[in-house]
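Bear in mind that the values in this text are calculations on the coordinates, not laboratory data. Being a predicted model, the structure only gives us computed values, none of them experimental. Don't worry about glycine lacking a Cβ; one is built from the backbone with ideal geometry, like all the others, and counts go over all protein chains shown.
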Amino acid sequence: MENESMELRLQRLEERVERLERLIGGESREAVAKERKLSAKEFMLSKKLKSETQKVLALAYFLEREEGIASFNVSDLESAFRSAREKLPKNMNDAVNKNIARGFLMGTSEKKDSKKAWQLTSTGERHVEHELN
C-alpha cells in the first residue's frame with residue numbers, strides 16, 4: 001500500500017516537472033498569452049482610430065473576435081464603449097449605418113434581445129486588421 005502511494009506521488013511530481021519544463025521552454029508562454037484576455041481598451045489602443053465610425057467598427061470586431069459574440073446590437077456596442085472607457089458616440093445607429101454603407105457591417109436576419117443586430121463582413125474584418133493598424 002505504501003508502494004502505491006509512493007508511485008502515485010512520483011507520478012504527480014513528474015507531471016509537475018513536465019509542466020514547469022514546458023513553461024520555462026517557452027511553449028507555455030504563448031499559451032499563457034492566449035489565455036490572457038485582451039481588454040476592449042487595449043484593443044482600441046492597438047489601432048489608429050480617428051472617428052466614431054472607426055471606433056464602432058473596431059469594437060464590433062472586438063466583440064466578434066475577442067468576446068466570441070456572433071452578432072451584436074446597440075446595447076453590446078454601448079457596453080463595449082463603456083468597458084473601453086470611451087465616450088459613447090452621439091448617434092450609435094448613424095455610426096453603424098455608415099459602416100453598413102461602406103460594406104463593413106451587415107444586418108442579421110434575427111433580432112438580438114428584441115433589438116436589431118449586426119455582424120462584421122469579411123471586408124470589415126480586413127479593414128480592421130490591415131487598414132486601422
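Results for (1) polar (S, T, N, Q); (2) within 17 Å of the chain's Cα centre (by Cα), shown as yes or no for each residue.
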residue: I24; (1), (2): no, no
residue: T53; (1), (2): yes, no
residue: P89; (1), (2): no, no
residue: A95; (1), (2): no, no
residue: M106; (1), (2): no, no
residue: Q119; (1), (2): yes, yes
residue: S122; (1), (2): yes, yes
residue: R126; (1), (2): no, yes
residue: E131; (1), (2): no, no
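Would you pick out the residues in the stretch 87-105 that are more than 19 Å from H127 (Cβ to Cβ) and part of a loop (DSSP other than H, G, I, E, B)?
If the condition is that a residue be more than 19 Å from H127 (Cβ to Cβ) and part of a loop (DSSP other than H, G, I, E, B), then K87, L88, K90, N91 are the ones that fit.
Of the conditions (1) under 30 Å from L23 (Cβ atoms); (2) outside any loop (DSSP other than H, G, I, E, B), A58 clears all except one; give me its number.
Of everything listed in (1) under 30 Å from L23 (Cβ atoms); (2) outside any loop (DSSP other than H, G, I, E, B), A58 misses just condition (1).
Limited to the stretch 46-82, what total is found for residues that are surrounded by 15 or more Cβ atoms within 10 Å (Cβ to Cβ) and among the small types (G, A, S)? Talk me through it step by step, then tell me what you get.
Taking the stretch 46-82 first, the residues surrounded by 15 or more Cβ atoms within 10 Å (Cβ to Cβ) are 47, 49, 52-67, 69, 71-74, 76-77, 79-81.
Retained after the next criterion (residues that are among the small types (G, A, S)): 58, 60, 71, 79-80.
Qualifying residue count, the stretch 46-82: 5.
Checking E110 against (1) of a type in the set (D, E, K, R); (2) touching a residue at least 12 places away in the same chain (Cβ under 8 Å); (3) surrounded by 12 or more Cβ atoms within 10 Å (Cβ to Cβ), only one condition comes out false. Which one?
Unmet for E110, out of (1) of a type in the set (D, E, K, R); (2) touching a residue at least 12 places away in the same chain (Cβ under 8 Å); (3) surrounded by 12 or more Cβ atoms within 10 Å (Cβ to Cβ): (3).
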